[in-house]
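One structure is given here, and the rest of the page talks about it.
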There are 2 protein chains.
Amino acid sequence: MVSREYNSKKFITPDGYASDIAVFTITSESNGQYKPPIKFLKIMLIKRSNQDHEGNPNIEAGKWALPGGFVRSNETAFQTAERKLYEETGVGGLRIKHFGVYDSPGRDDRGWILSNAHYVIANEEFLKNRKTTKDASDIQLLTIEDALEINLAFDHRKIIDDAIWFIKKDMALTTLAKHFLPKEFVLSELQGVLLTVLDDPSIKTDAAFFRKAPTLPFLEAVSENGKLKKSNRYSKTPAQLYRFNDFQPITSVYSKKLKG
Amino acid sequence: MVSREYNSKKFITPDGYASDIAVFTITSESNGQYKPPIKFLKIMLIKRSNQDHEGNPNIEAGKWALPGGFVRSNETAFQTAERKLYEETGVGGLRIKHFGVYDSPGRDDRGWILSNAHYVIANEEFLKNRKTTKDASDIQLLTIEDALEINLAFDHRKIIDDAIWFIKKDMALTTLAKHFLPKEFVLSELQGVLLTVLDDPSIKTDAAFFRKAPTLPFLEAVSENGKLKKSNRYSKTPAQLYRFNDFQPITSVYSKKLKG
DNA sequence: TGAATAGTGTCTCTTAGACAGTATAAG
DNA sequence: CTTATACTGTCTAAGAGACACTATTCA
């Protein structure tokens, strides 16, 4: 950052600095008793109202957009994301991750407005709270296919596209999946979450996945009173419960071996 | 991005939007004829002058900082990074990658100034051009250790720290190494580049690395006139030349297998 | 008992990693 | 003929992937 230029002429400064959040969740739709549910990756979008608080026409009215808001001068975009998420959904403590900045000239008709984009993984349960805090008509959970088809405000299509790319990458390379799951889960649940985003034969094939998963260093079987803890929530056969531990896997294209 | 609030009161807007670039290179110091050179990861920093063009005292004068500059309202931070890099070094066409935004209140005494941070990999050759375009006294290539010890302007220590983290990650997970190497290179050169950043026994061990590397899907042996092309620039024994192809490796913690 | 989910047994083929050995050319 | 680099041979143990088989429970 060179300040010479800054003083040498009057620079045009941005007209706004926004923080936007792509809120993802995976919904489970029951597929019958004792069956693993069908899962879908969904994104939360809000419909922009026709007028603002003062009754003036709203920009990009009627279109769907990512939740978010303007960053205040005494906070970071990260904090704005936390605050807005809490205001809109009543939920905090979620893992928020920055993934990009959108600053193309002309991306917002109001002027030179930057967007600092984040994504968030929300466990399905959080949605139940959300429904009560806001009118369901202007906040919706959409599948990715639907979200990319509807009329999106600003450059939010591009932002959502990118967010999905980052989610896929992080799902494959990190233990991100844990944020989509309850603390204790069954292998078919993990498999279901992974398959909403990844397309990998070794995950898809039951035999391969059920053999491999218990050996993963970041997963551990749950015990209770010295006995392995099982659940039959998705099957007649009681299935072993697992949880993520704190192991952070590191992979490399040159060595392939998991390390942490 | 909700516009209600935008219209409902006069928002404070940022005082500046900067684009900073962490320029990395790996220097080779000859270790004697027919020996692989010793390599060091280095970063390019500039020393902030005491006064600006108009003779006014400069902010953070005398400290070292990342090259960069203010984003103009008709360009993106990415374009600013390209422009500044060209202005400062006379070189274009480098791979510029965004990795973060720095927006903590108080990070810059001049006001609310955001920094959009990028890193760049510069091949060693580019530095020779650079030396001629600028006074060498206020642009220096420093080892990482040195860079993190000297007096850095603003929050550039944090930015550099983060940049190094991203470089290490990308070096392990992508074919980033190619940007540190000539088009055709010998395996010991690749090994040297990787070892400046990664600490992996399967890279460090010659036998393992020399056996593995030729099988990597993103590397291919170079041929010329139907014969394998060799070089003895770093050894008496002619060594096979390799180049990167366009294969983009994808790894996963759940499957470990390389895919593209 | 059948049906559905949750695993295991076993086999084959490939790969990682270690250790030792061979090959090449300069001086 | 020594030395330093660049590999290759060979072994072992672990892992991936495929296919068939067993185990558990509910209705």
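Readers should treat all values here as calculations from the given coordinates under stated rules, not as data from a laboratory. A quick note: this is a predicted structure, and the numbers were derived from the prediction, not measured. Heads up, the Cβs are rebuilt from the backbone with ideal geometry, glycines too, and the neighbour counts pull from every protein chain shown.
Can you give the % of DSSP beta bridges in chain A that are antiparallel, to the nearest 5?
Values: 34 of 44 bridges.
Beta bridges within chain A, antiparallel portion: roughly 75 percent.
As I understand it, the value is the acute angle between the Cα axis of helix A:187-197 and the longest principal axis of the Cα atoms of chain A; what does it come to in degrees, rounded to 10?
So the helix axis and the longest Cα principal axis differ by about 30 degrees.
Once the label point is placed 7 Å from Cα along Cβ, list for B:E220 the distances to the corresponding points in the other copies, in nm, shortest first.
4.7
Shape call for segment A:177-244 from the C-alpha gyration tensor, a ≥ b ≥ c root eigenvalues: rounded (a/c under 1.5), prolate (a/b greater than b/c) or oblate? Write out the running numbers ahead of the final one.
Working: a/c = 1.65, a/b = 1.57, b/c = 1.05.
It is prolate, given that a/c is not under 1.5 and a/b is the larger ratio.
Helix B:156-173: angle to the longest alpha-carbon principal axis of chain B, degrees 0 to 90, nearest 10?
In chain B, helix B:156-173 runs at an angle near 30 degrees to the longest axis.
Can you tell me the orientation of helix B:77-89 relative to chain B, as the angle in degrees between its alpha-carbon axis and the longest Cα principal axis, to the nearest 10?
Taking the Cα atoms of chain B, the angle to B:77-89 is about 70 degrees.
Rounded if a/c is under 1.5, else prolate if a/b is larger than b/c, else oblate: which is segment B:208-249, with a ≥ b ≥ c the root eigenvalues of its Cα gyration tensor? Each step should come with its number before you reach the end.
Values: a/c = 2.46, a/b = 1.38, b/c = 1.79.
Verdict is oblate for segment B:208-249.
Can you give me the P(r) profile for segment A:83-221? Cα pairs, bins 5 angstrom wide beginning at 0, each as a whole percent.
2, 8, 15, 18, 19, 16, 10, 7, 4, 2, 1, 0
Could you list which residues have their amide H under 5 Å from that of B:K259, counting only those 5 or more apart in sequence or on another chain, with H placed in the peptide plane?
The list, which skips near neighbours in sequence, is B:I250.
List the residues, sorted by chain then number, that are 5 or more residues from B:A22 or on another chain and whose placed amide H is less than 5 Å from its amide H.
Amide H neighbours of B:A22, under 5 Å, 5+ apart: B:H118, B:Y119, B:V120.
Let me know the mean shielding of B:65-77 by other chains, meaning the per-residue number of their Cβ atoms within 10 Å of its Cβ. Before the final figure, lay out each step's value.
Working: counts 3, 2, 2, 2, 6, 8, 8, 4, 9, 4, 3, 7, 3.
Mean shielding by partner chains, rounded to a whole number: 5.
Cα-Cα over 20 Å: which of A:K84/B:K97; B:K128/B:K168; A:K128/A:K168; B:K39/B:K183; B:K39/B:K257?
Working: A:K84/B:K97 28 Å; B:K128/B:K168 25 Å; A:K128/A:K168 25 Å; B:K39/B:K183 18 Å; B:K39/B:K257 30 Å.
The pairs that break the limit, which is 20 Å between Cα atoms, are A:K84/B:K97; B:K128/B:K168; A:K128/A:K168; B:K39/B:K257.
Largest first, please: the extent of the C-alpha atoms of the protein assembly as shown along each principal axis, to the nearest Å.
Extents along the principal axes: 73, 60, 48 Å.
On average, how many beta carbons from a partner chain sit within 10 Å of the beta carbon of a residue in B:206-216?
Values: counts 0, 0, 1, 2, 0, 0, 3, 1, 0, 0, 2.
Counting other chains' Cβ atoms within 10 Å and averaging over B:206-216 gives 1.
Rounded to whole Hz and in sequence order, give me ³J(HN,Hα) for segment A:19-26 from the Karplus expression 6.51 cos²θ - 1.76 cosθ + 1.60, θ = phi - 60°, writing x for Gly and Pro.
Each residue's phi maps through the Karplus curve to give 10, 10, 10, 8, 9, 10, 8, 10 Hz.
At B:N74, with labels set 7 Å past Cα in the Cβ direction, how many nm apart are the copies from this one, shortest first?
3.8
Among A:G100, B:V186, B:P57, which residue has its Cα positioned farthest towards the positive end of the charge dipole of the protein assembly as shown, with +1 placed on the Cβ of Lys and Arg, -1 on the Cβ of Asp and Glu, and the dipole taken about the Cα centre?
The residue sitting most towards the positive pole is B:V186.
Over chain B, calculate the relative contact order: mean separation of alpha carbon pairs under 8 Å at least 6 apart, over the residue count, as a percent. Kindly include the intermediate steps, with their values, before the conclusion.
Working: 422 pairs, mean separation 50.9, N = 260.
It comes to 20 percent, rounded to a whole number.
For label points placed 7 Å from Cα toward Cβ, what is the shortest-first list of nm distances from A:Q51 to its copies?
Here A:Q51 shows inter-copy label distances of 5.8 nm.
Give, as a single signed number, the net charge of other residues whose beta carbon lies under 11 Å from the beta carbon of B:N116, with Lys and Arg counted +1 and Asp and Glu -1.
Details: positive: none; negative: A:D103, B:D20, B:D103.
In short, -3.
Using only alpha carbon pairs under 8 Å that are at least six residues apart, calculate the relative contact order of segment B:211-260 and give it in whole percent. Please report the intermediate quantities before stating the final value.
Values: 58 pairs, mean separation 15.3, N = 50.
Relative contact order comes out at 31 percent.
Hey, got the dipole for segment B:15-173? About the Cα centre, +1 on K and R Cβ, -1 on D and E Cβ, debye to the nearest 20?
Working: 21 positive and 24 negative charges, 110 e Å.
For segment B:15-173, the charge dipole is close to 520 debye.
List the residues, sorted by chain then number, that are 5 or more residues from A:V186 or on another chain and whose placed amide H is less than 5 Å from its amide H.
Distant-sequence amide H within range of A:V186: A:Y242.
Can you put B:T205, B:T80 in order, fewest other beta carbons within 10 Å first? Before the final figure, lay out the partial values.
Working: B:T205 13, B:T80 23.
Neighbour counts put them in this order, fewest first: B:T205, B:T80.
Sorting check: for B:187-193, A:236-242, which peptide has the highest mean count of neighbouring beta carbons within 10 Å, and how do the rest follow? Intermediate results must be reported in sequence, preceding the final value.
On the way: B:187-193: 21.1, A:236-242: 15.3.
Highest to lowest by the protection proxy: B:187-193, A:236-242.
Along the charge dipole of the protein assembly as shown, Cβ charges K/R +1 and D/E -1, which of B:T237, B:Q140, A:H118 sits furthest on the positive end?
Going by the Cα projections, it comes out as B:T237.
May I have the pair-distance distribution P(r) for segment B:15-173, computed from all Cα-Cα distances with 5 Å bins from 0 and rounded to whole percent?
2, 9, 17, 22, 22, 15, 8, 3, 2, 1, 0
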